[in-house]
Amino acid sequence: MTRAAVVFMLLATGTAMGQDTPMVAEAGPVRLSLVEAVDRALAVSAQLRELEQLRLAAGADVDRAHAERWPTADVGAGYTRRSDINEFLIPQPPGTPPVGFLNLPDNWGLSTRANLPLYAGGRLSGQIDAAVESERAASLDLDARRRSVILETEDAYWRLLTAGESERVLREGLSAFQAHLKDARNRERFGMAARSEVLAVEVEHERAELRRLRAENGAEVAEANLVRLLQLPPDAVIEPTEELESPPPGHEDLEVLVQRALEARSERESLLARVRAAEASVRVAQSTTRPHLGLTAGYLYANPNRNFVPPDDQWRSSWDVGFEVSWRVFDRGRTSAAVARAQA
């Protein structure tokens, strides 16, 4: 498999995964330390940017859910032209204004109305709980993907470094096999070695060459994978600057490591948060079957103000405050279907 084919295959895989960030061309070999490679991978990851925007959207849903507990106020102004009517006036003593229904075709008004939910059957608390858990799940998804990008980049970086070092060592060892093969052929020419000995050396030489080719191919695959993660041009050449060191021996018990891994799995915590969000959504769906109570208040400043009888051609103000109770007693199975869907 050629290096160009490997790069094309891995880049196509990255595009399918959503990493469609335009690549920036860079001239010459790209020298990178492990920290630099990880930082670049985090900076160019399109999936991380997508998950970050989803987390921000979930945070906005939390703010909106909390805002549902607060009153809403609407302010309006308007003008209405009414058709002319026959005036109906009741005679009054001299010097007093007439009483009756006047012809008032021009109607002006300024109004404001406020609504405050007092009890919504658990809908508001359920919406808040669902939004909070969804935001937590989105944050955990972002954290899990960030860790995955770091792990993939570190794995590709060290694979490139170890494969390149293995290829170098095998190439140097191959020169020793070539010298040994030349010596065996010379001894065969002078009758000092059997043909079988030469064939055995040739087999070992070919095996060494095969190991070198495998190491070289592994280095190309690792480099192509790292190029994909870093969103570099397909023909970029990466030169790792880290040095290979033997890792310290591990002394921790396997069961302890497994338990720590289970506790630190962001994906698992994200799924649990989504379960809790779904349970809160069930409460939201069930709230439709309970009565709803709200407080309303309004203020009207109009000319004429129709709350005054008989209306006259003057600016007057009026207000109202009240409680509203509503209870849906029949919806032809809409609520039960919504509850069943939320539970599923």
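The values are calculated or read from the model by the stated rules, or taken from the named source; none is laboratory data. Treat the numbers as computed from the prediction; the structure is a model and nothing was measured. Cβ atoms come from the backbone with ideal geometry, glycine included; neighbour counts cover every protein chain shown. Surface areas here come from the heavy atoms of the whole protein model, side chains and all, with no ligands, DNA or RNA. Shrake-Rupley method; radii C 1.70, N 1.55, O 1.52, S 1.80 Å.
Looking only at residues of the stretch 29-41 that are open to solvent by 50 Å² or more (accessible area, probe 1.4 Å) and not β-branched (Val, Ile, Thr), we find that the one that is modelled with the lowest pLDDT is 29.
Residues considered: 113, 214, 146. Of these, the only one that is closer than 30 Å to residue 242 by Cα, among the basic types (Lys, Arg) and over 33 Å from the mean Cα position of the chain (by Cα) is 214. Restricting the first member to the stretch 67-93 and to residues that are more than 30 Å from residue 127 (Cβ to Cβ), and the second to residues that are open to solvent by 80 Å² or more (accessible area, probe 1.4 Å) and at pLDDT 90 or above, the beta-carbon pairs closer than 9 Å and six or more apart or on different chains are 77/108; 77/110; 78/108; 78/110; 79/108; 80/108.
Here the condition is being in contact with a Phe, Trp or Tyr (Cβ under 6 Å, 6 or more places away or on another chain), more than 25 Å from residue 146 (Cβ to Cβ), in contact (Cβ under 8 Å) with a residue 24 or more places away in the chain and not acidic (Asp, Glu); of 208, 219, it holds for 208 alone. Screening residue 273 with (1) surrounded by fewer than 16 Cβ atoms within 10 Å (Cβ to Cβ); (2) part of a helix (DSSP H, G or I) gives one miss only, at (1).
Okay, residues lined up against (1) among the aliphatic types (A, V, I, L, M); (2) modelled with pLDDT under 90:
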residue	(1), (2)
266	no, yes
272	yes, no
275	yes, no
286	no, yes
295	yes, no
301	no, no
339	yes, yes
342	yes, yes
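The single condition from (1) without any contact (Cβ under 8 Å) to a residue 40 or more places away in the chain; (2) in a helix (DSSP H, G or I); (3) farther than 30 Å from residue 138 by Cβ that residue 251 fails is (2).
The set of residues from the stretch 70-109 being open to solvent by 80 Å² or more (accessible area, probe 1.4 Å), of a type outside the set (Val, Ile, Thr), assigned to a strand (DSSP E or B) and over 17 Å from residue 309 (Cα atoms) comprises 74, 77, 79, 81.
A quick yes/no check of all residues on (1) under 23 Å from residue 153 (Cβ atoms); (2) surrounded by fewer than 11 Cβ atoms within 10 Å (Cβ to Cβ); (3) touching a helix residue (DSSP H, G or I) at 6+ places or on another chain (Cβ under 8 Å); (4) not aromatic (Phe, Trp, Tyr):
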{"residue": "203", "(1), (2), (3), (4)": "no, yes, no, yes"}
{"residue": "212", "(1), (2), (3), (4)": "no, no, yes, yes"}
{"residue": "222", "(1), (2), (3), (4)": "yes, no, yes, yes"}
{"residue": "226", "(1), (2), (3), (4)": "yes, no, yes, yes"}
{"residue": "230", "(1), (2), (3), (4)": "yes, no, yes, yes"}
{"residue": "266", "(1), (2), (3), (4)": "yes, no, yes, yes"}
{"residue": "281", "(1), (2), (3), (4)": "no, no, yes, yes"}
{"residue": "285", "(1), (2), (3), (4)": "no, no, yes, yes"}
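For the stretch 150-163, filtered to residues that are buried (at least 20 other Cβ atoms within 10 Å of the Cβ) and of a type outside the set (Ser, Thr, Tyr), the residue that is farthest from the chain's Cα centre (by Cα) is 163.
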